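> The structure under discussion is supplied below as structure tokens; questions concerning it will follow.
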Amino acid sequence: MAGSTADPLPLSSKELVDKFRKCWITSTADNNLTLHGFRRFKTTHLLNLRFLEQEIADMDHIIYQAGLSLDLNPSSTDRLGLKHSKRDVNVPKIEESITQEFILKLRELLRQYDEALAAFNNIMTMETFSLLDDEKHSSLREDLTLYEVYKTRLLSVDLGTRFRTDPFQRWLHRYLRAFRYWRLARKSKNNIEGLGSPFEHRRWSYQNTILIADIIGRATTAALTAVFLIIPLVILSHDYSKDIQLVVVSVCIIILSFLVSLFLKVSSFEMMAVSAAYAAILSVFVSNGSPRG
């Protein structure tokens, strides 16, 4: 039954000391990646949710069959579609299926399911980085291959959520991880002396891809903003006809709107506000750059 847990097997003194050593190293590290990086266990969380979902679905089926066996007329709108629900051939009596024990079990399963869903949703919004970014942490996981280390995600619990992270920054983050994996994979292939893992260094290296992607993303956004302000200003400063000025303004607005919606995480309203503000700025350029008669 869901919720029941078996007592863990007792650890030997050596195993306990080894676990304490690894926990102590990661809990007293000088680098924030090691200090605040925790496994996400995405697949295991999803598996637990699926188990709970299946158990509740079985109980939900019993509830519906018990309700249909009452032969009550559905409401006029029948939002649940009870008229089209399939009925089982042999339905137990209601007093046999809907018991106090059944209700208590349903409440416990729903509580676990709701809490697990909310917790998983919260976990999936947290900022993550690859275990490969932290060589010190990686060296403690001898059971993982280099590719498994690359695919393993750690939660950065000292940062906020990635709810407002731009798609462009996520793209940078992904390719920075891939580049680091490529470098370490080459280093591992060139390790012909059989010295073991490429992480066996006295001086650990780190790659804070979250910070790097954030800096590059902000710098790129600032540069593009400056470009889209300077280029129209230069073009419209010449004595061109109104038709050419309108074409330049229209093209710039369309391109900027497309780039904002594609690379930045903005709502529809925010995108409209950005486009309207940019159009207002360019309209000032047009009014100030009217051709002389």
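> Under 28 Å from the Cα of K93, which lysines turn up, not counting those fewer than eight places away in the same chain?
K83, K105
> Taking neighbour counts of Cβ atoms within 10 Å as a proxy for exposure, in what order, fewest first, do R87, R141 appear?
Fewest-to-most Cβ neighbours within 10 Å comes out as R87, R141.
> What length, rounded to one decimal in nm, is gained on full extension from R141 through to A280, with 0.36 nm per residue of separation minus their alpha-carbon distance? Show your work: numbers first, answer last.
On the way: separation 139, 0.36 × 139 = 50.04 nm, distance 5.60 nm.
Length difference between fully extended and current span is 44.4 nm.
> On to the next question. Arrange the following residues from fewest to most other Cβ atoms within 10 Å of their Cβ: R153, R183, R177. Kindly include the intermediate steps, with their values, before the conclusion.
Working: R153 16, R183 13, R177 20.
Placing the least packed residue first, the sequence is R183, R153, R177.
> Another question, then. What size of dipole, in debye to the nearest 20, comes out for the chain about its Cα centre when the only charges are +1 on Lys and Arg C-beta atoms and -1 on Asp and Glu C-beta atoms?
Taking the Cα centre of the chain as origin, the dipole is about 1120 debye.
> Setting aside same-chain residues fewer than 8 positions from K19, which lysines have a Cα under 27 Å from its Cα?
K42, K136, K151
> Hey, what did the range 41-124 get for relative contact order, percent, Cα under 8 Å, at least 6 apart? Provide the component values of the computation, followed by the final result.
On the way: 29 pairs, mean separation 39.7, N = 84.
So the answer I get is 47 percent.
> Could you calculate the contour length gain from V91 to V251, that is, 0.36 nm times the residue separation minus the distance between their Cα atoms, to one decimal place in nm? Working shown, then result.
Details: separation 160, 0.36 × 160 = 57.60 nm, distance 6.75 nm.
Stretched out fully, the V91 to V251 stretch lengthens by 50.8 nm.
> Tally Lys/Arg at +1 and Asp/Glu at -1 over every other residue whose Cβ is under 11 Å from the Cβ of L155; what's the total?
Its environment carries a net charge of +3.
> Taking 0.36 nm per residue of separation and subtracting the Cα-Cα distance, what length does fully extending A57 through R218 add? Mind dumping the intermediate values first?
Working: separation 161, 0.36 × 161 = 57.96 nm, distance 4.66 nm.
Contour length minus the Cα-Cα distance gives 53.3 nm.
> Run the helix sum for the chain: -39,500 (n - 2.57) per DSSP H stretch of 4+ residues, divided by residue count, reported at 222 nm to the nearest 500 deg cm²/dmol. Don't skip to the end; give the middle numbers.
Values: 11 runs with 181 residues, N = 293.
Computed ellipticity for the chain at 222 nm equals -20500 deg cm²/dmol.
> Next question. Quick check: the angle from helix 42-68's long axis to the longest principal axis of the chain, C-alpha only, nearest 10 degrees?
For 42-68 against the chain, the angle is about 60 degrees.
> Name the shape class, rounded, prolate or oblate, that the alpha-carbon gyration tensor gives for the range 32-144, where a ≥ b ≥ c are the square roots of its eigenvalues, rounded holds for a/c under 1.5, and otherwise prolate holds if a/b is larger than b/c and oblate otherwise. Working shown, then result.
Working: a/c = 3.87, a/b = 2.96, b/c = 1.30.
Cα axes put the range 32-144 in the prolate bin.
> At 7 Å along Cα-to-Cβ for each site, give me the label-to-label distance between K265 and A185 in nm.
According to this spin-label approximation, the distance is 2.8 nm.
> When a/c reaches 1.5 or more, the comparison of a/b and b/c decides; with that in mind, is the chain rounded, prolate or oblate per its Cα gyration tensor?
Numbers: a/c = 3.60, a/b = 1.29, b/c = 2.80.
It is oblate, given that a/c is not under 1.5 and a/b is not larger than b/c.
> Choose one of T26, V234, V247: the residue whose Cα lies farthest towards the positive end of the charge dipole of the chain (beta-carbon charges +1 Lys, Arg; -1 Asp, Glu; about the Cα centre).
Looking along the dipole axis, the top candidate is V234.
> Given the C-alpha centroids of the range 242-288 and the range 93-147, what is the distance between them in whole angstrom?
45
Where a number appears in this text, it was derived from the coordinates with a stated rule and is not lab data. Fair warning: this is a prediction, and the values are worked out from it, not measured in the lab. Don't worry about glycine lacking a Cβ; one is built from the backbone with ideal geometry, like all the others, and counts go over all protein chains shown.
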